[in-house]
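Have a look at the structure below, then the notes.
Bear in mind that the values in this text are calculations on the coordinates, not laboratory data. Quantities reported herein were computed from a predicted structural model and do not represent experimental measurements. Note that we place each Cβ from the backbone using ideal geometry, even for glycine, and neighbour counts take in every protein chain shown.
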Amino acid sequence: MVSEKKKRIFPKNFLWGAATSAHQVEGNNKLSDWWAWEKAGNTAESGRACAKYELYDHDFSLAAELGHNSHRLSIEWSRLQRPDGSWDNSEWDHYKKVLSSLTAKGIKPVLTLNHFTLPKYIARQGAWLNRNIIDSFSSFAEKTASILGGMAEFWITINEPNMLAEMAYLKGEFPPCRRDYKESLTVLAHMAEAHAGAYEAIKSALDGNAKVGAAKALTAFHPCRKNNLFDMLAVKKTRWLRNHSFINSLMEGRLTIPGMPEKILKTKKSLDFIGINYYLRQFVRWQGFGGRKSFGKTCPYQHHPESGDITDMGWEVYPEGLYEVIKEMMRYRRPVMITENGIATDDDRRRVEFIRLHLKSAAKALSEGMPLIGYLHWSLLDNFEWTHGYSKKFGLVEVDFKSLDRKIKPSGWYFADIIKKGTF
Ligand code: BGC
């Protein structure tokens, strides 16, 4: 007879939970660059969002009810530091209460310092394009560690550096709406430097008693034409730029971003764990030699009958990709944590299936001995999905944006059952 213990796939100390970000759930982040950008009529307004700023304790009770033992959240820099550099103590007190509420429920915080938004005054000074942000961000990290330090074991400095560089500085879809390839690389380099500074600051403030990582968007890149050498070369280059160059820079302690001068960073091996945000596969097609061309271009799913279901974001559901990207990270010899993985859909049955298949992929990585330490689903609540406003539903919990009522979806319970049993 197979014992109960043997049937468990996920270890007892596995981190299970969901992820959120301040701007997407808190509401009224009036001092951030995003708020200003929304108010200028560029996109839907976040407004009071899920009012998690007020309702956090209730939301964490829901997470606890669902068996979550960890929760990824971000603090909002624009609430905490004023333009003259001084700090707002009442906002620090707020986040102390937020973290205490989690801990009181047996939920470990995974604390993110920057999830896309910036204080408006930092944005006015050039945001991530201005080198000064490296020091400002490191001081913010140091201050956070000195105030919230003992309350979190896992820290994430920056969420999805490549994605921010791409969306805000290359495609012009996020503030500050730049469309400049060179600038997007400069921003990525500044984020690597800022991360290294923040890593040092947190580690020295906490005597090394913190595990510091970054949450990296990783995509499963495949060649458009299987076995085509040119497509394979374009995949290799794109994968390097988008999946590896940032992480590799941090681990080697020098910038290894294509097109950027090599530069020594403040510290090396500045990742205690690698956070993986995984959502989709992309097919890459060769475009030619030289410069940007050599990275190829994304080939539409319509050209790929083998591709799976498409989500409301237009992304392919490709669960095997989760295993592929975990495996890709093994060269850095660091534990990995899934810091985001989720699906935008109004049909919650699709979310159940999404969770099942992606956890199977995670289980495969574990069974092969890969050091996967947690899975945090994106997201706990339906929330403000950036330029898409409230139209995309990622939550395990439904939010009625008029009444602010919360209702756990069947997928939330399905996930809870896996957490409880440690298996499917
Ligand atoms: C971001 C989240 C976002 C999610 C879904 C990730 O890139 O970190 O803020 O909501 O993807 O688009």
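Results, tabulated for the structure shown:
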item: Diffusion constant of the range 91-217 at 10 °C, which comes from Stokes-Einstein with the Kirkwood Cα-pair radius and 1.306 mPa s, µm²/s; result: 105
item: Inverse mean reciprocal Cα-Cα distance (Kirkwood Rh) of the range 80-148, Å; result: 13.4
item: Virtual spin-label span in nm between Thr267 and Lys421, 7 Å along Cα→Cβ; result: 4.2
item: Only Lys, Arg (+1) and Asp, Glu (-1) charged, at Cβ; the range 94-153 dipole about Cα centre in debye; result: 220
item: Spacing of the two label points (7 Å from each Cα toward its C-beta) at Arg254 and Ser86, in nm; result: 4.5
item: Per-peptide average of other Cβ atoms within 10 Å, ordering 194-205, 172-183, 319-330 highest first; result: 194-205, 319-330, 172-183
item: Percent of C-alpha pairs per 10 Å bin, the range 155-247, short to long; result: 16, 36, 30, 14, 3, 0
item: Average projection area in nm² (convex hull over Cα atoms of the range 237-357, one quarter of hull surface); result: 9.0
item: Any cysteine of the chain lacking a neighbouring Cys Cβ under 4.7 Å - listed by number; result: Cys50, Cys177
item: Distance cut-off 12 Å, percentage of C-alpha pairs in the range 21-82 lying past it; result: 70
item: Relative contact order computed over the chain (Cα-Cα under 8 Å; 6+ residues apart), in percent; result: 17
item: Share antiparallel - DSSP beta bridges, the chain, percent rounded to 5; result: 20
item: Cβ-placed point charges (K, R +1; D, E -1), dipole of the range 17-421 about Cα centre in debye, nearest 20; result: 1180
item: Simple label model, 7 Å out from Cα along Cβ direction - Arg333 to Asn28, nm; result: 5.1
item: Dipole moment magnitude, nearest 20 debye, the range 191-246 about Cα centre, only Lys, Arg, Asp, Glu C-beta charged; result: 440
item: Gaussian network model of the chain, Cα within-10 Å springs - most flexible of Glu340, Glu385, Glu353; result: Glu353
item: Calculated FRET efficiency for the pair Lys293/Asp347, C-beta based, R₀ 30 Å, to 0.05; result: 0.15
item: For Pro371, net neighbour charge (Lys/Arg +1, Asp/Glu -1) across residues whose Cβ lies under 15 Å away; result: +3
item: Calculated log₁₀ intensity ratio I(q)/I(0) where the Debye formula runs over C-alpha points of the range 322-387, q = 0.23, 0.28 Å⁻¹; result: -0.99, -1.25
item: Förster-model FRET efficiency, 22 Å R0, Asn42 and Asn132, C-beta, rounded to 0.05; result: 0.30
item: Charge-dipole axis of the chain as Lys and Arg at +1 and Asp and Glu at -1 on Cβ define it, positive-most pick from Phe10, Ser21, Gly395; result: Phe10
item: Over the chain: helical MRE at 222 nm, DSSP H runs n ≥ 4 each giving -39500 (n - 2.57), nearest 500; result: -12000 deg cm²/dmol
item: Principal axis dimensions, largest first and in whole angstrom, of the chain by Cα; result: 64, 55, 44
item: Zone residues, the range 269-305, relative to Lys226, backbone N less than 15 Å from point 7 Å out along Cα-to-Cβ; result: 283-284, 304-305
